[in-house]
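I have placed the structure first, in the form of structure tokens, so that the comments after it can refer back to it.
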Amino acid sequence: MAGHSKWANIQHRKGRQDEKRGKVWTRIIREIMVAARQGGGDPNMNPRLRLAIDKAKAANMPADTIKKNVDKATGNLEGVHYDEIRYEGYGIGGAAVIIDCMTDNKVRTVAEVRHAFSKYGGNLGTEGSVAFQFKHCGQLIFAPGTSEDKVMEVALEAGADDVVTHDDGSLEVLSSPHDFEAVKKALEAAGLKPEVAEVTMRAENTIDLTGEDAQRMQKLLDVLEDLDDAQEVYHNAVIHE
């Protein structure tokens, strides 16, 4: 992502997510249920479930709500069955977009995703059409002013793949998805608290959008993120407002 605007884009995205807090619990519950169904209900043996529970706690979800949904997923309580499905497409200016969904009705979901793309200036692509432009990895981002030497020392010692210093002073630690949790724990134990910590699809290259194109792209992203079945929306657009 363009160095000069990395931090601005992260803050922008966090602000938009905060505005949509009402949907956060719904998405986390689905993630908990799918993770528990696939890997079992013990978070000590299921890293994906552990990460989902961490997200739930960070969003102030009550422990009994977490437990109830783990029980539903593992068959101890009756619950809804969700399937994971990924859609890929192109936004404004050829920007690449990935939408990860969890749904109990694939026909409904694909219709909603296709409608959003066609109505707001994008195109729904085929499987694999844009995914090659992203890397599945662990990502931790630190605010400008964080000690580069300390982050680098702790992160690389803990198994991180790379530490990127951006032009705006923010730091980005990258790891394999497998090593993400160990790297995160080591950094936090050293007193280094990331602003963003997630396993993500990170764009390998970016497209800068300004003016009307930036506004149109943001509208498309907002609509996709607001879809009931959308869990995550990844893209390679750097939006300059």
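The HN-Hα couplings worked out from phi for the stretch 140-148 by the Karplus form 6.51 cos²θ - 1.76 cosθ + 1.60 (θ = phi - 60°) are 10, 10, 10, 5, x, x, 5, 5, 5 Hz, whole numbers, x standing for Gly and Pro. Only protein atoms count toward the accessible area here, which uses a 1.4 Å probe; on the chain, the carbon and sulfur part of that area reaches 48 percent.
Taking Cβ atoms as reference points and 10 Å as the exclusive limit, the residues near Gln38 contribute a net charge of +1, counting Lys and Arg as +1 and Asp and Glu as -1. Comparing Glu112, Glu172, Glu204 in a Gaussian network model of the chain where C-alpha atoms under 10 Å apart are linked, the largest mean-square fluctuation is found at Glu204.
Ranking of Lys135, Lys67 by solvent-accessible surface, largest first: Lys67, Lys135 (1.4 Å probe, protein heavy atoms only, all chains present).
Please build a GNM for the chain, connecting alpha carbons under 10 Å apart, and tell me which residue among Glu84, Glu198, Glu212 fluctuates the most. Highest fluctuation among the options: Glu212.
Counting only heavy atoms of the protein chains and using a 1.4 Å probe, Asp149 has close to 120 Å² of accessible surface.
In the complete set of protein chains, residue-level accessible area for Thr210 is approximately 90 Å², probe 1.4 angstrom.
Applying 0.36 nm per residue to the separation of Glu212 and Ala182 and subtracting their alpha-carbon distance, the gain on full extension is 6.6 nm.
Explain nothing, just the number: dipole magnitude of the stretch 155-220 about its Cα centre with +1 on each Lys and Arg Cβ and -1 on each Asp and Glu Cβ, in debye rounded to the nearest 20. Walk me through the numbers on the way to the answer.
On the way: 6 positive and 15 negative charges, 57 e Å.
Charge dipole of the stretch 155-220: 280 debye, to the nearest 20.
Taken over the stretch 123-220, lysine pairs spaced eight or more positions apart, or on distinct chains, with alpha carbons under 18 Å apart number 5. Its Kirkwood hydrodynamic radius, worked out from the mean inverse distance over all distinct Cα pairs, puts the stretch 113-211 at 15.1 Å.
What Kirkwood Rh does the chain have if only Cα atoms enter the pairwise 1/r average? Answer in Å.
Working: mean 1/r = 0.0529 Å⁻¹.
In the chain this quantity evaluates to 18.9 Å.
Secondary-structure-derived ellipticity at 222 nm for the chain, considering helices only, amounts to -14000 deg cm²/dmol, per-run term -39500 (n - 2.57) for DSSP H runs with n ≥ 4. When the residues Val97, Val199, Val233 are ordered by accessible surface, computed with a 1.4 Å probe over the protein chains alone, the sequence from largest down reads Val199, Val233, Val97.
Rg/Rh for the stretch 52-95 (Cα atoms only, Rh after Kirkwood) is 1.23.
Residue separation of Glu198 and Arg114 scaled by 0.36 nm, minus their Cα-Cα distance, works out to 27.5 nm of gained length.
Of the residues Gln231, Gln215, Gln139, the one that moves most in a GNM of the chain with alpha-carbon contacts below 10 Å is Gln215. The dipole here belongs to the chain: it is taken about the Cα centre, uses +1 on the Cβ of Lys and Arg and -1 on the Cβ of Asp and Glu, and is about 760 debye. Solvent-accessible surface of the chain, averaged per residue with a 1.4 angstrom probe and all protein chains in place: 50 square angstrom.
The values are calculated or read from the model by the stated rules, or taken from the named source; none is laboratory data. Quick caveat, the model's predicted, so the values are computed rather than measured. In this analysis, Cβ positions are derived from the backbone assuming ideal geometry, glycine residues included, and neighbour counts consider all displayed protein chains. Note: areas computed on protein heavy atoms with side chains; ligands, DNA, RNA excluded. Shrake-Rupley method; radii C 1.70, N 1.55, O 1.52, S 1.80 Å.
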